[in-house]
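Engineer: Structure in structure tokens, see below.
Rule-based calculations on the coordinates, nothing more; no lab input. Because the structure is predicted, anything quoted here is derived from the model rather than measured. Using ideal geometry, Cβ is built from the backbone for each residue, glycine included, and neighbour counts are taken over all protein chains shown.
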Amino acid sequence: MSIKAEWARPAVLLNPLEGEPTDADSHIGGPMLWPIDEPWPWCDGSRHDPRSPGVPGQDIADVGMPFVGAVQLYQRDFPELPFPDGTDVLQVFLCTLHHDLDDIYGPDVRLVWRDSAKVVELIEEEPEPPVQEEIYTPTINVLEPIRFTEYAHSYDRPEHLRDADWPETSSGTKIGGWTCWWQTGPMEFQCRECGTAQRQMLSLGTSEPSGDNVEWSFGRDGNLNIFTCPQDVHHPVTLHID
Ligand SMILES: [Zn+2]
Ligand SMILES: [Zn+2]
């Protein structure tokens, strides 16, 4: 294996594009395939930052809020994702307020791995939070994925490879690949349950290479990176904003 190949990983840019997806589609910001008899994800509000600038005058400390459907990815469209047996859709939810979490200041995230065949009757209406930070609220997009090979960011490479003339790590919304370190890094995260080194599974980007941004913004126009455990995606995830 060439030295360059060692630092290559497969990646998929989701490549969002304004559209009108249904719950049966992969999308960003569209309707979620959610069964009527299952409680919708809910944030208890205990980590809300009461000074949330987008909601002046509203007391949101300890106020429970529904999560917002942010990303839905079907296995048939994105077989690269580590779907646990018996699941074929990954649903990503954001609580679209500022949270003072241990490692980050931003929206909170929930992942749901679902078997679409088991959803018989859909929820009639998705709960909507009474207040949201506009910067975390996605626009509605269909996806036109672009598959490519991504090379490690210079921060992740050993010193003698740091100046190599490799393509830049993408800051777009993507599956897999490498972390686009900007203000921090490089960092490694261990699974809090089993100690295995986590891998970046999904990154939500402020700036898409296409210029068709989702109009959300993380940190200082950076990325919200979601790291999962390679042993078990149900182990606790790590969120990192860069
Ligand atoms: Zn919340
Ligand atoms: Zn683990």
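Engineer: Please list the radius of gyration and Dmax for the chain, considering alpha-carbon atoms only, with Å as the unit.
Structural biologist: 17.9, 59
Engineer: Give, as a single signed number, the net charge of other residues whose beta carbon lies under 13 Å from the beta carbon of Lys4, with Lys and Arg counted +1 and Asp and Glu -1.
Structural biologist: Details: positive: Arg9, Arg157; negative: Glu6, Glu150, Asp165.
Result for the local shell: -1.
Engineer: Now for a different question. How much length is gained if the chain between Arg51 and Glu124 is pulled fully straight, taking 0.36 nm per residue apart and subtracting their Cα-Cα distance, in nm to one decimal?
Structural biologist: Details: separation 73, 0.36 × 73 = 26.28 nm, distance 3.31 nm.
Value of the extension gain: 23.0 nm.
Engineer: Let me ask something else. What is the spin-label model distance, in nm, from Lys4 to Asp212 if the labels are put 7 Å beyond Cα along the C-beta direction?
Structural biologist: The answer from the label model is 3.0 nm.
Engineer: Could you give the distance between the Cα centres of the stretch 17-34 and the stretch 166-182, to the whole Å?
Structural biologist: The stretch 17-34 and the stretch 166-182 have Cα centres separated by 24 Å.
Engineer: Quickly work out the Asp165-to-Trp182 label distance, labels modelled 7 Å from Cα along the C-beta direction, and quote it in nm with one decimal.
Structural biologist: 2.6 nm
Engineer: Hand me the trypsin sites (Lys or Arg not before Pro) from the stretch 136-242 located in a DSSP loop with no more than 13 other Cβ atoms within 10 Å, in residue order please. List each step's numbers first, then the result.
Structural biologist: Working: sites: Arg147, Arg162, Lys174, Arg192, Arg199, Arg220; in loops: Arg162, Arg192, Arg220.
Passing sites in the stretch 136-242 are Arg162, Arg192, Arg220.
Engineer: Rounded to the nearest 0.05, what FRET efficiency do Thr139 and Arg110 give with R0 = 25 Å and r taken as the Cβ-Cβ distance? Could you check?
Structural biologist: Numbers: r = 20 Å, r/R0 = 0.81.
Calculated transfer efficiency: 0.80.
Engineer: Something else about it: Remind me, relative contact order of the chain in percent, using alpha carbon pairs under 8 angstrom and six or more residues apart? Don't skip to the answer; put the middle values down first.
Structural biologist: Working: 564 pairs, mean separation 55.8, N = 242.
With pairs under 8 Å counted, the relative contact order is 23 percent.
Engineer: Using label points projected 7 Å from each Cα along Cα→Cβ, tell me how many nm separate Val131 and Phe148, to one decimal.
Structural biologist: Here the answer is 4.0 nm between the modelled labels.
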